[in-house]
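This report refers to the structure that appears directly beneath it.
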Amino acid sequence: EMAKKFTVITTISTEYPPCIKHAIQALNDGENLSHSGRFMLATFLLGRGQTVDDVAPLFKNAPDYNEKVTRYQLNQISGETGSNTKYSCPSCEKIKSNDLCFATPDCDYIINPLQFGKKRS
């Protein structure tokens with residue numbers, strides 16, 4: 001059966017912290033997200049169990065998008081190629097220092113975006 005081509009519509013999950021929502025929105029709007037912003041987004045999504053195939057299309061609206069380069073970098077970050085090191089999502093402190101933090105009260109008491117949405121009990 002022929003695979004259908006779909007336009008990627010990125011849904012922004014409520015389980016995503018504001019920094020991640022902001023990064024996804026910036027890419028959707030065709031803005032040039034910084035290297036550290038792209039790294040944060042990729043490591044967050046890969047850390048939440050998404051695959052390189054899931055994550056790669058998010059970058060397609062970036063002004064400098066190159067599918068080959070994007071996949072190469074995602075494979076490096078995920079540890080699938082290169083050093084076999086799986087990179088972790090940066091801490092909130094590091095994200096703040098890169099001006100990528102858009103904290104809300106929901107971010108209180110977390111030190112890494114991957115903790116977002118898990119602290120509510």
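The values are calculated or read from the model by the stated rules, or taken from the named source; none is laboratory data. Owing to the predicted nature of the structure, the values given are computational and were not obtained by experimental measurement. Virtual Cβ from ideal backbone geometry, glycine too; neighbours counted across all protein chains shown.
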*Do any residues in the range 32-54 that are assigned to a helix (DSSP H, G or I) and at pLDDT 95 or above have Cβ atoms under 7 Å from those of residues that are among the basic types (Lys, Arg) and surrounded by 16 or more Cβ atoms within 10 Å (Cβ to Cβ), where the two are at least six apart or on different chains, and which pairs are they?*
52/71
*Can you name every residue in the range 15-31 that is small (Gly, Ala, Ser) and not in a helix (DSSP H, G or I)?*
30
*Restricting the search to the range 62-121, which residues are within 19 Å of residue 51 (Cα to Cα) and basic (Lys, Arg)?*
68, 71, 86
*Kindly provide the set of residues from the range 55-102 that are part of a loop (DSSP other than H, G, I, E, B), surrounded by 14 or more Cβ atoms within 10 Å (Cβ to Cβ) and of a type in the set (Lys, Arg), ordered by number.*
60
